[in-house]
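The values are calculated or read from the model by the stated rules, or taken from the named source; none is laboratory data. What you see is a predicted model, and the numbers here were worked out from it, not measured in a lab. Heads up, the Cβs are rebuilt from the backbone with ideal geometry, glycines too, and the neighbour counts pull from every protein chain shown. These accessible areas exclude ligands, DNA and RNA; they are computed on the full protein's heavy atoms, side chains included. Shrake-Rupley method; radii C 1.70, N 1.55, O 1.52, S 1.80 Å.
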Amino acid sequence: MIDEVRTMPAAVQPQLMRWSVVLPGLAALACALVLPQFANAYVTEVATTALLYIVLCLGLNIVVGYAGLLDLGYAAFFAVGAYTSGILTAEFGFNFWLTIPVAMATACVAGIIIGAPTLRLRSDYLAIVTLGFGEIVRIIARNLDITGGASGLVGIERPEIFGFKLMQVQHFYYAFLVLALLTAFVCLSIERSRMGRAWFYVRYDEDAAAGIGINRVTAKLQAYMMGAVIASVAGCLYAAKMTAISPESFTFNQSLLILLGVVLGGMGRIPGVVLGAILVALLPEVLRGAGTYRPLVTAVALLAIMLFRPNGLWPDKRV
Amino acid sequence: MTLDLVIQQLVNGLIVGSFYALIALGYSMVFGVIKLLNFAHGDIYMSGAFVGLIVFSFVGIWVGNGWLGVVCALLVSMLAVGLLGVVIERFVYRPMRNAPRLSILITALGASMVLNGTALALTGGRHYAFNTDLGFAGVDISTVHITYTQMVLVAASIALMAGMQAFVSRTMYGKAMRAVSIDMGASRLMGIDVDRVIALTFFMGSALAAGGGVMAGAYYGSVHFFMGFIMGLKAFTAAVIGGIGSVPGAMLGGLLLGLLEAFGSSLPFVGSEWRDVFVFGALILFLVFKPTGLLGRSVVERV
Amino acid sequence: MALLEVRDLRLSFGGLKVLHDISFSVEKGVINSLIGPNGAGKTSLFNCLTGFYKPKGGSIHLGGRPIAGLPPHRITALGLARTFQNIRLFKEMTVLENAMSGQHCRSRHGIVSAILHLPAQRREEEAIRAAGMHWLDFVGIEQHAHRRAGGLSYGDQRRLELARALASAPELILLDEPAAGLNEREKLDLVHLIRRIRDETGITVLLIEHDMGLVMQVSEKIVVFDYGQKIADGPPEIVRADPRVIEAYLGTEE
Ligand SMILES: Nc1ncnc2c1ncn2[C@@H]1O[C@H](COP(=O)(O)OP(=O)(O)OP(=O)(O)O)[C@@H](O)[C@H]1O
Ligand SMILES: [Mg+2]
């Protein structure tokens with residue numbers, strides 16, 4: 001599952017095809033495809049969570065890894081997607097698939113409201129403002145009637161596709177697998193394009209980027225909104241899978257976990273981020289008995305990586 | 001709004017505001033010298049409150065739970081947490097000084113989470129009572145009762161801040177601090193021990209936050225591992241409102257924010273559950289319309 | 001009409017006046033130099049011209065269009081490119097990616113067409129890549145195209161910065177101390193390269209330089225600054241003889 005994404009550049013850009021990358025990638029994809037046939041429900045459930053984190057981490061990676069912006073409230077966009085889809089299906093009887101574009105648009109608007117004023121300023125301002133934004137979205141979800149208050153939203157419809165209703169863990173596993181592959185494809189396509197390079201230019205040297213003709217504010221805003229859109233789509237599918245969502249799924253800790261996933265494997269690089277996301281999904285399973293020590297373990301992991309392996313566990317081997 | 005309510009909210013606003021100001025001041029000072037926000041600042045405040053509580057429960061056995069105990073707790077906590085700030089600077093910020101800004105920010109966030117996670121692990125997430133017997137004696141203005149404790153707290157915060165301002169503007173070290181904040185490289189060339197000045201700034205900023213933590217703990221009567229999170233956010237807002245990097249700005253911003261919050265949440269259509277949303281809105285508005293804050297100066301970054 | 005017209009340009013930081021009523025012009029197709037002692041305000045002038053600093057007064061016209069106060073990316077798009085005094089490459093990216101960056105403002109495909117892999121987007125990517133290679137070839141470092149930019153030698157990094165600026169297809173290119181840190185051989189190559197820029201591409205050059213030998217050799221017009229004021233401008237032989245210039249340089253240079 002780690003390597004399947006590395007096959008994407010080969011598929012996209014034939015001139016870069018290398019068998020050493022393609023073969024393990026195809027093998028991993030094959031494993032991912034048949035996994036639910038052999039694994040029990042618990043393993044499938046964990047794997048589904050891993051896929052969800054892959055989507056979220058790839059989305060946040062656009063903001064942090066590509067554009068170099070620290071977003072500490074990324075879970076807010078995940079919440080915007082989940083609540084938009086949940087409210088529209090549960091309260092207004094919308095078809096699930098129709099809620100996705102609405103959720104994307106809502107996330108875009110939220111992204112502009114937060115991003116437009118702050119992206120003009122120093123990058124550390126954005127970090128704190130997004131931190132605040134994450135809290136605010138949670139407070140709003142807790143205090144409004146339409147979001148179900150503190151107890152959350154229940155009775156979200158399960159989506160149907162060609163008359164087939166997604167019900168079981170396996171169904172959602174495949175749904176998230178498709179979403180993860182799609183997200184990886186999107187990231188790869190952008191990474192190797194004009195806008196993707198512009199994000200990297202801005203990340204590595206903002207002044208030089210402005211000096212060669214890049215509008216740094218719009219470039220950052222686009223990255224921020226792109227990240228928001230991906231999180232909101234993940235939110236829609238998450239709401240459909242859970243059928244019930246509450247504000248506590250979208251805390252600061254959630255944002256931190258996603259960030260940890262991005263940093264752990266190696267920010268800015270898709271294989272690294274996928275690896276990080278899988279590790280983050282496994283973390284709660286490994287730390288099952290740790291109770292209140294869990295956040296400390298997350299924190300120490302984050303600090304240790306930054307101090308001792310700032311390029312992540314699986315860094316880029318660029319010449 | 002009746003006059004009583006106005007007075008009541010004025011008192012509330014001043015007290016919260018002076019806490020905000022103390023924390024914002026530390027933010028601003030550290031930002032001044034290293035040009036970075038200290039993400040761990042809110043958790044340093046929280047650590048201050050806990051250290052204060054521990055000291056308080058020990059010395060309370062001998063000196064009782066009155067003022068003497070609180071003052072001991074305040075001083076010991078400021079010293080200990082000031083040193084904690086120095087340690088964080090030494091092991092987190094200094095190794096990263098030449099790293100990309102994004103890496104420094106994430107590392108600082110990691111440090112902040114380690115403090116927070118440690119507090120959670122040690123306390124199990126429980127609220128701890130900070131029981132003082134400072135009492136409720138005080139004066140009455142119409143129907144509003146203002147305790148002596150409240151007055152002392154506001155006076156103490158103002159004294160701390162005034163002391164800090166005097167230190168920064170009068171002493172050699174204060175001068176060195178200002179020099180480093182204007183041009184680190186040139187200061188080094190002029191023979192200023194920049195590392196030492198930065199460490200000292202972290203010490204003072206952290207000590208102020210710890211002081212705020214102990215006072216807030218004693219005032220509200222309870223401490224909790226998560227108390228630094230929202231406080232960090234609000235102190236940042238206060239620092240932005242006042243103009244980040246400016247010492248008087250931090251004080252002004254803190255007091256204004258305290259008042260804004262007290263009056264804002266007593267408006268009929270806002271309500272206290274929306275208080276934080278209200279503050280956040282103020283932050284966004286300031287960032288849009290006056291990003292340099294009320295007393296801050298805009299600096300043109302060298303290219 | 002001159003390509004670049006600067007009139008009464010003023011700039012200050014707090015109380016420090018960095019530029020006092022600067023006026024001069026740059027004619028199309030001429031190689032110009034800007035000289036002056038350290039701290040005279042040369043880099044600050046470049047920063048005003050390219051939008052990094054907002055001047056306090058005066059006007060700047062590029063090809064007849066006012067550009068004072070515009071943001072840097074707009075000014076680059078209007079045809080003014082620059083290099084930086086302290087090399088500012090995207091060190092972690094490849095040499096080719098650095099050169100391709102200049103093409104950003106000359107291309108237009110965004111996120112959506114990249115995701116859809118539209119044929120037009122593919123073609124544009126090819127064109128950007130080809131332009132990047134072309135300019136690497138022009139400055140003579142195409143053999144390093146796929147190396148990390150930060151790993152290049154100092155001289156090659158300076159060339160890459162030049163290639164990157166040239167790739168934005170400017171009318172006028174500003175070079176901030178392009179010879180700083182180069183050895184004599186590399187300086188000769190640079191003189192040759194600057195002449196080629198003007199002769200082969202028609203791009204006008206304005207450079208800041210402390211090496212008087214190089215300045216006298218390459219420039220057709222020289223502007224002299226001292227303490228934020230323009231004290232002389234004209235052809236090299238006239239400027240060289242100007243008593244105020246000699247005075248400004250006594251004890252500092254030459
Ligand atoms: N962003 C800024 N803030 C404050 N002062 C500045 C800023 N940029 C430049 N200055 C000041 O403006 C003056 C002119 O600096 P500038 O860099 O333009 O000189 P220069 O002619 O390029 O010198 P050199 O030959 O050493 O490069 C100097 O006194 C410098 O300190
Ligand atoms: Mg200069």
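A compact table of results
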| quantity | calculated |
| --- | --- |
| From the options B:Ser272, B:Ser222, residue that is of a type in the set (Gly, Ala, Ser), within 14 Å of chain A (Cβ to nearest Cβ) and open to solvent by 40 Å² or more (accessible area, probe 1.4 Å) | B:Ser272 |
| The lone exception for B:Leu255 - which of (1) of a type in the set (A, V, I, L, M, F, W, C); (2) within 16 Å of ligand 1 (Cβ to nearest atom); (3) away from chain A (no Cβ under 12 Å) it fails | (2) |
| Selection count, the stretch C:93-120, where residues are surrounded by 19 or more Cβ atoms within 10 Å (Cβ to Cβ), over 25 Å from C:Ile75 (Cα atoms) and at the interface with another protein chain (Cβ under 7 Å from one of its Cβ atoms) | 1 |
| Single condition C:Gly64 does not satisfy, out of (1) within 14 Å of chain A (Cβ to nearest Cβ); (2) touching a residue at least 60 places away in the same chain (Cβ under 8 Å) | (1) |
| Residue selected from the stretch C:18-34 under the condition near ligand 1 (Cβ under 9 Å from one of its atoms) and more than 19 Å from C:Ala81 (Cα to Cα), by the criterion least open to solvent (accessible area, probe 1.4 Å) | C:Leu19 |
| Test: residue in the stretch A:126-148 that is facing another protein chain (nearest Cβ under 9 Å), part of a loop (DSSP other than H, G, I, E, B) and open to solvent by 40 Å² or more (accessible area, probe 1.4 Å) | no |
| Listing of helices (runs of 4 or more DSSP H) fully contained in the stretch B:85-202 that carry 2 or more residues being within 14 Å of chain A (Cβ to nearest Cβ) and farther than 30 Å from B:Gly64 by Cβ | B:101-123 |
| Single residue of C:Ala77, C:Ala131 found to be in contact with a Cys (Cβ under 9 Å, 6 or more places away or on another chain), under 17 Å from C:Ile203 (Cβ atoms) and away from ligand 1 (no atom under 16 Å from the Cβ) | C:Ala77 |
| Scope the stretch C:158-208; condition open to solvent by 40 Å² or more (accessible area, probe 1.4 Å) and within 16 Å of ligand 1 (Cβ to nearest atom); matching residues | C:Gly181 |
| Only one of B:Gly245, B:Gly191, B:Gly232 that is small (Gly, Ala, Ser) and in contact with an Asp or Glu (Cβ under 9 Å, 6 or more places away or on another chain) | B:Gly232 |
| Selected residue (criterion: nearest to the chain's Cα centre (by Cα)) from residues of the stretch A:180-207 that are of a type in the set (Gly, Ala, Ser) and either surrounded by fewer than 24 Cβ atoms within 10 Å (Cβ to Cβ) or in a loop (DSSP other than H, G, I, E, B) (or both) | A:Ala184 |
| Failed item in (1) open to solvent by 10 Å² or more (accessible area, probe 1.4 Å); (2) on the phi < 0 side of the Ramachandran plot, with A:Thr243 passing the rest | (2) |
| Single residue of A:Leu166, A:Leu88, A:Leu177, A:Leu98 found to be surrounded by 14 or more Cβ atoms within 10 Å (Cβ to Cβ), modelled with pLDDT of 90 or more and under 30 Å from A:Leu33 (Cα atoms) | A:Leu177 |
| Criterion: facing another protein chain (nearest Cβ under 10 Å) and buried (at least 18 other Cβ atoms within 10 Å of the Cβ) - qualifying residue of B:Phe236, B:Phe289 | B:Phe236 |
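For (1) touching a strand residue (DSSP E or B) at 6+ places or on another chain (Cβ under 9 Å); (2) part of a helix (DSSP H, G or I); (3) away from ligand 2 (no atom under 16 Å from the Cβ); (4) of a type in the set (Asp, Glu), each residue gets a yes or a no:
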{"site": "C:Met1", "(1), (2), (3), (4)": "yes, no, yes, no"}
{"site": "C:Arg10", "(1), (2), (3), (4)": "yes, no, yes, no"}
{"site": "C:Val18", "(1), (2), (3), (4)": "yes, no, no, no"}
{"site": "C:Ala40", "(1), (2), (3), (4)": "yes, no, no, no"}
{"site": "C:Ser44", "(1), (2), (3), (4)": "yes, yes, no, no"}
{"site": "C:Tyr53", "(1), (2), (3), (4)": "yes, no, no, no"}
{"site": "C:Ile75", "(1), (2), (3), (4)": "yes, yes, yes, no"}
{"site": "C:Ile87", "(1), (2), (3), (4)": "no, no, no, no"}
{"site": "C:Gln103", "(1), (2), (3), (4)": "no, yes, yes, no"}
